[in-house]
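First the structure, in the form of structure tokens, and then the observations on it.
The values are calculated or read from the model by the stated rules, or taken from the named source; none is laboratory data. Note that this is a predicted model, so its numbers are computed, not measured. Using ideal geometry, Cβ is built from the backbone for each residue, glycine included, and neighbour counts are taken over all protein chains shown. Just the protein is used for accessible areas: all its heavy atoms, side chains included, with ligands, DNA and RNA removed. Shrake-Rupley method; radii C 1.70, N 1.55, O 1.52, S 1.80 Å.
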Amino acid sequence: MSDAAIVAQVLGGDVDAYAELVGRYRPRLSRYALRMLGNREDAQEALQDAFVRAYRSLGRCDDPERFGSWLFSILVNRCRTTGGRSARRARTFVSDEAAARVAVDAHPAEQAAWREEIERALALLDAEQREAFLLKHVEGLSYEEMAELTGAGVSALKMRVKRACDRLRGLLQEAYSA
């Protein structure tokens, strides 16, 4: 069933149909929130808040066929808010361990050390660069989709991704050569 059909059901009074949308989008959005915020509790708070806000505002979703993009933009904003509140806390970046194991063909201890270096390097990026890098290289979004989600211009996003890549390259080269 399409997102638009489910949205129509929910707006028609079938509130239980919203669970289908939650189930459909929770894994991807949860992964993004966790990577962006680096803390499970903050990620769950942002995710839950995004789903509640989307439900309450469902009637204002201009294009129900694009419910997923609309919901993602709400989550991006919730992550910004949550990240801003918790910026003073020490954070570590949570990576996809399965992807890290595939990327590094080494002894498990070396994999863990390399994964920690990647997490450390990503945590050192400023929030805008980390957000742009994750949306582009982890979520695989186009710059146009990123612009729609974040409200930033395509050229600004390209610059953020470039700067994030340059900074990560430098940080990881330092760690590799040390």
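Things worth noting here:
- Point-charge dipole on Cβ atoms (K/R +1, D/E -1) for the range 109-150, about Cα centre, debye to 20: 140 debye
- For the range 1-85, dividing the convex hull volume of the Cα atoms by the residue count gives 80 Å³ per residue.
- Residue-level accessible surface for Thr82, protein heavy atoms, 1.4 Å, Å²: 10 Å²
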